[in-house]
Amino acid sequence: MVERSLRVKVAGLRLENPLLLASGIVGVTVDSLTRAIESGAGGAVSKSIGLEPREGYRNPTLVATDSGLVNAVGLSNPGARVFSEELAAVKGRRLPIVVSIFGGGPAEFGRVVEMLDGNEFLAYELNLSCPHVEGVGTEIGHDPEVAASVVRSVRSRTKKPVFAKLSANTHRMVDVAKAAVDSGADGLTAINTMRAMTIEVETRRPTLSHKFGGLSGTSIRPIAIARIYELYQAFKVPIIGCGGVSTWEHAVEMLLAGASSVEVGTALYNGYGVFSDINQGITNYMVRKRFKKVQEMVGLGHKF
Ligand SMILES: Cc1cc2nc3c(=O)[nH]c(=O)nc-3n(C[C@H](O)[C@H](O)[C@H](O)COP(=O)(O)O)c2cc1C
């Protein structure tokens, strides 16, 4: 039987398989990223790292609903200096880590890159899309001009591939993507969580301390698929798909829409086995449909 490899190359990133741990799902330590990689992920995206340490919002920051999770963690992270030290400690292990970063504007993004760039990791994912943190989310990710200057600032400070993570909370998503690509982004990640809220009926209070949060999980997948499909039609750069993937069918659907690799977030709360399960399912599908490479499936949903 022909040996099926799940290897992919995404804007210069060489991954053993198309699955990546999505940003922010399991803590902020390099150890937790390593655990996802050892469990079968082709790579892992860090929690978004900012210039200074940040505690995030007070509890409750996460609520489970029958439509998925709503979170407003508030970009809690140890700051670029501490995270840089953590990365330095795993030097030589060649871990397929992508570092997600955020900032209040082009200069702050640039400072974060300067502090992290000397370390060994694969690429940056720019969080231009957090739906619930004032000053660093929608203000940046919904405005093509600001997004362009953020990408230019990062681009001028690193040779590593840069992915812009987009928000589907704006009708200007494709304009923001164009601004990012024209300013030197090597790829696009779509999508982040969708702005959301829940209210408890007995107390009549919004559940999360921050009131607004972002919805993730199965229910946002059709939104992600539509956005990835649109981006694939509009751009040549590779797309990393994200949003509601928990089975191999979901992952294949994202590849067919145009994603070259797929991030898994909320589904991880059901166990780290999700990566090997999805990889096994993709392999079986490839054998059944006679695909030799994952890349052969990318964008096939556009032929109809
Ligand atoms: C608790 C939690 C924290 C998150 N933190 C971040 C973050 O720091 N940076 C980021 O870009 N996305 C963050 N996200 C969004 C995820 O990376 C992903 O885009 C989103 O959850 C959709 O994918 P999923 O449905 O597979 O979870 C977070 C999501 C959750 C649930």
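Among the residues making up segment 235-276, those that are part of a helix (DSSP H, G or I), closer than 13 Å to Arg221 by Cα and among the small types (Gly, Ala, Ser) are Ala251, Ala257, Ala267.
Conditions tested, residue by residue: (1) within 11 Å of the ligand (Cβ to nearest atom); (2) within 19 Å of the chain's Cα centre (by Cα); (3) buried (at least 17 other Cβ atoms within 10 Å of the Cβ); (4) at pLDDT 95 or above.
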position	(1), (2), (3), (4)
Arg227	no, yes, yes, yes
Val237	no, yes, yes, yes
Gly241	yes, yes, yes, yes
Val262	yes, yes, yes, yes
Thr266	yes, yes, yes, yes
Met297	no, no, yes, yes
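Scanning for something over 19 Å from the mean Cα position of the chain (by Cα) and either of a type in the set (S, T, N, Q) or under 21 Å from Val181 (Cβ atoms) (or both), does segment 121-130 turn up at least one residue? Within segment 121-130 (the criterion being over 19 Å from the mean Cα position of the chain (by Cα) and either of a type in the set (S, T, N, Q) or under 21 Å from Val181 (Cβ atoms) (or both)), the answer is no, since none of the residues qualifies. Of the residues Val136, Val174, Val181, the single one that is away from the ligand (no atom under 16 Å from the Cβ), touching a Leu at 6+ places or on another chain (Cβ under 8 Å) and touching a residue at least 60 places away in the same chain (Cβ under 8 Å) is Val174. The single residue among Val73, Val112, Val30 that is surrounded by 19 or more Cβ atoms within 10 Å (Cβ to Cβ) and modelled with pLDDT of 95 or more turns out to be Val112. Summed over segment 1-27, residues that are surrounded by 23 or more Cβ atoms within 10 Å (Cβ to Cβ) and among the aliphatic types (A, V, I, L, M) total 7. A Cβ distance below 8 Å, combined with a sequence gap of six or more or placement on separate chains, defines the contacts here; from segment 226-246, residues that are closer than 15 Å to Met297 by Cβ reach residues that are near the ligand (Cβ under 9 Å from one of its atoms) and in a helix (DSSP H, G or I) in the pairs Gly241/Ala224; Val245/Arg221; Val245/Ala267.
Assess whether Val252 counts as being in contact (Cβ under 8 Å) with a residue 24 or more places away in the chain, over 20 Å from Glu125 (Cα atoms) and out of contact with any Leu (no Cβ under 8 Å at 6 or more places or on another chain). So Val252 passes the test. Are any residues in segment 268-279 away from the ligand (no atom under 11 Å from the Cβ) and out of contact with any Phe, Trp or Tyr (no Cβ under 9 Å at 6 or more places or on another chain), and if so, which ones? If the condition is that a residue be away from the ligand (no atom under 11 Å from the Cβ) and out of contact with any Phe, Trp or Tyr (no Cβ under 9 Å at 6 or more places or on another chain), then Asn270, Gly271, Tyr272, Gly273, Phe275, Ser276 are the ones that fit.
The values are calculated or read from the model by the stated rules, or taken from the named source; none is laboratory data. Everything numeric here is computed off the predicted structure, so don't read it as measured data. For neighbour counting, all protein chains shown are included, and Cβ atoms are generated from backbone atoms with ideal geometry for every residue, glycine included.
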